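The values are calculated or read from the model by the stated rules, or taken from the named source; none is laboratory data. Quantities reported herein were computed from a predicted structural model and do not represent experimental measurements. Ideal geometry is used to build each Cβ from the backbone, glycine not excepted, and the neighbour counts take in all protein chains shown.
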Amino acid sequence: MRLRTFLTDEAIDRQELIDEVMRRSDGALAVFEGVIRNHDQGKSVESIEYVAYKPMAEKQIGQIVDDLGKRFPDVRIAVRHRLGLLRVGESSIVIACSAPHRSAAFEACRMAIDGIKETVPIWKKETGPDGEEWVGWQGSRPSSDQALH
Amino acid sequence: VVVKLLFFAVLRDIVGRGETSIEVPAGTRASDVWRDLRARHTELTDYVRPPLTAVNESYVEPDTVLSQGDELAFIPPVAGG
């Protein structure tokens, strides 16, 4: 099996991922693309810097892809997550799922992005006119737990 | 035992470096290392329990006992995607 790499420092080529997964037997292609938006929780955002615990993140994404492969044997999945400094409008992640029929492609794509957001050691620092912040850190302060739930 | 300690994202900013080697007594748990970090960095005072804990690139329970050569990383809330 060829060595898989899910992380990249370059702009993501959506078509390359699509070409990776599409077979002539596929009738459906679901692509999820995560894009840097200009706001987050009421604050203006200019750029986001992504960093990762690279070897662990590669393993974790590989695990998610392998688990989905077992759950959806008809689906082929390609994932690329970009690291480094990204500006508004640029894509941070592209997930392409192909399948003979649409429901499995949609479902696998949704589960892939949800799984990646939940467990993969990747972090983002948002920068805007109000300064910069590592997303999720302040919200995880134990004293704020009650306010959140 | 000697353990390699890795810092990422907000923890890297707080501690001021990406990695360090520490020598700890046999039987030391990952959570003991976190307690020590909290004692030395006031930004961490409120974070009584460690964030997620990883040893050798896998998530583990915070009370995991460390072994010689382990690579320990505390994982702040992840925000990929």
Considering region A:79-89, residues that are touching a helix residue (DSSP H, G or I) at 6+ places or on another chain (Cβ under 8 Å) and not aliphatic (A, V, I, L, M), and then whichever is farthest from the other protein chains (Cβ to nearest Cβ), we arrive at A:80
For region A:67-84, the count of residues that are at negative phi and in a strand (DSSP E or B) equals 7
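Provide a single number: the residues in region A:1-39 that are assigned to a loop (DSSP other than H, G, I, E, B) and more than 16 Å from the chain's Cα centre (by Cα).
So in region A:1-39, the residues assigned to a loop (DSSP other than H, G, I, E, B) come out as A:1-6, A:9-13, A:22-27, A:36-38.
Next, only the ones that are more than 16 Å from the chain's Cα centre (by Cα) stay: A:1-3, A:22-27, A:38.
Result for region A:1-39: 10.
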Is it the case that some residue within region A:113-127 is among the small types (Gly, Ala, Ser), in contact (Cβ under 8 Å) with a residue 12 or more places away in the chain and more than 14 Å from chain B (Cβ to nearest Cβ)?
no
Check: Out of all the residues in region B:48-60, is one or more more than 11 Å from chain A (Cβ to nearest Cβ), touching a residue at least 12 places away in the same chain (Cβ under 8 Å) and more than 28 Å from residue A:40 (Cβ to Cβ)?
Finding: yes
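Out of A:134, A:123, I need the residue that is hydrophobic (A, V, I, L, M, F, W, C), over 16 Å from the mean Cα position of the chain (by Cα) and either surrounded by 19 or more Cβ atoms within 10 Å (Cβ to Cβ) or farther than 26 Å from residue A:11 by Cβ (or both). Which one?
Working: A:123 fails: over 16 Å from the mean Cα position of the chain (by Cα).
Checking each option against the conditions leaves just A:134.
Select, from A:80, A:110, A:102, A:87, the only residue that is basic (Lys, Arg), over 23 Å from residue B:7 (Cα atoms) and surrounded by 16 or more Cβ atoms within 10 Å (Cβ to Cβ). Spell out how you get there, then give the answer.
On the way: A:110 fails: surrounded by 16 or more Cβ atoms within 10 Å (Cβ to Cβ); A:102 fails: surrounded by 16 or more Cβ atoms within 10 Å (Cβ to Cβ); A:87 fails: surrounded by 16 or more Cβ atoms within 10 Å (Cβ to Cβ).
It is A:80.
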For region B:1-30, pairs from a residue that is within 14 Å of chain A (Cβ to nearest Cβ) and over 24 Å from residue A:140 (Cβ atoms) to a residue that is hydrophobic (A, V, I, L, M, F, W, C) and surrounded by 13 or more Cβ atoms within 10 Å (Cβ to Cβ), with Cβ under 8 Å and 6 or more apart or across chains, are B:4/B:72
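In region A:40-66, which residues are modelled with pLDDT of 95 or more, in a strand (DSSP E or B) and loosely packed, with under 15 Cβ neighbours inside 10 Å?
Passing the criteria: only A:44.
Among the residues of region A:90-103, is any assigned to a helix (DSSP H, G or I), within 29 Å of residue A:28 (Cα to Cα) and more than 7 Å from every other protein chain (Cβ to nearest Cβ)? Break it down into steps so the answer makes sense when it comes.
So the first thing to find is which residues in region A:90-103 are assigned to a helix (DSSP H, G or I), and the list is A:102-103.
Checking the rest, the ones that are also within 29 Å of residue A:28 (Cα to Cα) come to A:102-103.
Narrowing the set further to residues that are more than 7 Å from every other protein chain (Cβ to nearest Cβ) leaves A:102-103.
Yes, some residue in region A:90-103 is assigned to a helix (DSSP H, G or I), within 29 Å of residue A:28 (Cα to Cα) and more than 7 Å from every other protein chain (Cβ to nearest Cβ).
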Answer yes or no: is there a residue in region B:1-19 that is out of contact with any Asp or Glu (no Cβ under 8 Å at 6 or more places or on another chain), of a type in the set (Val, Ile, Thr) and crowded, with 20+ Cβ neighbours inside 10 Å.
yes
